[in-house]
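Below is one structure; the comments refer to it alone.
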Amino acid sequence: MTMQVKLSIQERSALTERIQVFFEEERSESIGSIAAEQLLDYMLAELGPYVYNEAIKDARKTVMERVMSMEDELFALEKRIEGRR
């Protein structure tokens, strides 16, 4: 199953421009917008699943922490029951 990362036109444009700036500043190379878009597509396809899985792990951790917190709060709400004599 291939994962598709959907970006808006504005996001794609901004990222393409940032890739071009990176190549110019870090490698002293100029690349065109088509090459930058191709690199963006490649990186999204290759890195996207890894980043997605890490985000899922982070979300799972956050949900579990909240569930534990709610469980503590629910225990605190329980009424003490005295045994009959």
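Applying both filters, DSSP loop and at most 13 other Cβ atoms within 10 Å, to the GluC sites (Glu not before Pro) of the stretch 1-72 gives 29. When Rg and Dmax of the Cα atoms in Å is computed from the coordinates, the matching label among (i) 14.2, 50; (ii) 24.5, 88; (iii) 34.5, 105 is (ii). With viscosity 0.890 mPa s and temperature 25 °C, the Kirkwood radius over alpha carbon pairs of the stretch 1-41 converts through Stokes-Einstein to a diffusion coefficient of 228 µm²/s.
Under the combined filter of DSSP loop state and at most 16 neighbouring Cβ atoms within 10 Å, the stretch 1-66 retains these trypsin sites (Lys or Arg not before Pro): 6. Couplings 3J(HN,Hα) of the stretch 72-83, computed from phi: 4, 5, 5, 4, 5, 7, 5, 8, 6, 10, 7, x Hz, in residue order, whole Hz [Karplus 6.51 cos²θ - 1.76 cosθ + 1.60, θ = phi - 60°; x for Gly and Pro]. Within the straight-line cut-off of under 23 Å between alpha carbons, the lysines reachable from residue 6 are 57, sequence neighbours fewer than 8 places apart in one chain being disregarded. Taking label points 7 Å from Cα along the Cα-to-Cβ direction, residue 14 and residue 53 give a separation of 2.8 nm. Extension gain for residue 43 to residue 68 (0.36 nm times residue separation, less C-alpha to C-alpha distance): 5.3 nm.
Each value in this text was obtained by applying a stated rule to the coordinates, not by laboratory testing. Predicted model, so just to flag it, every value in this text is computed and none were measured. Heads up, the Cβs are rebuilt from the backbone with ideal geometry, glycines too, and the neighbour counts pull from every protein chain shown.
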